[in-house]
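**Student:** So that we are looking at the same thing, I have put the structure below in structure tokens.
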Amino acid sequence: MLLRNLGSAQGMMTLVLTLPAVLWAISFHEFCHGYAAKLVGDPTAENHGRLTLNPMAHFDLVGTLLLLFAGFGWAKPVPINTRYFRNPQRDIIFVSIAGAAGNILTAIVCVLFLRFFGAAWVSITGRVGFLIIWQFVIINMGLATFNLIPIPPLDGSKILYAFLPFRYIHHYYWLERHGMIILIVLLVTGAIDILFTPIFRLLWALLPLGNLGFLMRRGF
């Protein structure tokens, strides 16, 4: 991880190049949540000034630092009021998945840019230009993956709730009460990888990578 390499000049450069990707990822993630909520009738995010791409409106210190140094993290959640939803069970899935979908879309656009314009981009900007775009791919996929983990208060838990059979709802309520503690323990011990890695691999398969090997060799 980047955190292990901060003592090197390369680690510091990577940190600087990662910052734009982090700011975009958290801003677009929460914007997508808020906009999706507005589409299904909930104006709460817009009324609270969260329907914006300004990263300061979505900044969460711990989540942003994790995203910057570890490649996964979170932003300050946009306020959602499900009482406005026209179809609560359907709409909660739509709103919950919108943030991750926005991050995955960003990563896909960046990959397509590298596939079609990458050679010219690298010839002009060199290694730095490649790393900037590639960090957008890594950070956005990391944010999408982490938020789809089905542990409260992450987005994946809301999707799990919508599909969970009624007879198991009491298990979800227990998980909701202890979710943050469980999440902290998983993060501190590193056991979060047990959940993170398979989701990341599944989402990574969605990227139209094609033959980017030659660019990665030039970029890195």
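**Student:** For the stretch 8-49, name all the residues that are surrounded by 22 or more Cβ atoms within 10 Å (Cβ to Cβ) and under 13 Å from I80 (Cα atoms).
**Tutor:** E30, F31, H33, G34, A36, A37, D42, A45
**Student:** Being free of Cβ contacts under 8 Å to residues at least 40 places away in the same chain, surrounded by 14 or more Cβ atoms within 10 Å (Cβ to Cβ) and either in contact with a Phe, Trp or Tyr (Cβ under 8 Å, 6 or more places away or on another chain) or assigned to a helix (DSSP H, G or I) (or both) is the requirement here; does L112 meet it?
**Tutor:** no
**Student:** Among the candidates M180, M141, single out the residue that is more than 17 Å from the chain's Cα centre (by Cα), under 23 Å from L68 (Cα atoms) and in contact (Cβ under 8 Å) with a residue 24 or more places away in the chain.
**Tutor:** On the way: M141 fails: more than 17 Å from the chain's Cα centre (by Cα).
When all the criteria are applied, what remains is M180.
**Student:** Which pairs do you get when a residue that is at negative phi, found in the stretch 76-93, comes within reach of a residue that is of a type in the set (K, R), reach meaning Cβ atoms under 6 angstrom, with the pair 6+ apart or on two chains?
**Tutor:** From the stretch 76-93, the pairs are V78/R50; I92/K158.
**Student:** Counting residues that are in contact (Cβ under 8 Å) with a residue 60 or more places away in the chain, which helices (runs of 4 or more DSSP H) fully inside the stretch 7-71 reach at least 3?
**Tutor:** Numbers: elements: 9-39, 44-47, 61-70.
Answer list for the stretch 7-71: 9-39, 61-70.
Here, each number is a calculation from the coordinates, and none is a lab measurement. Since the model is a prediction, treat every value here as computed from it, not as a measurement. As a convention, Cβ positions derive from the backbone with ideal geometry for all residues, glycine included, and neighbour counts pool all protein chains shown.
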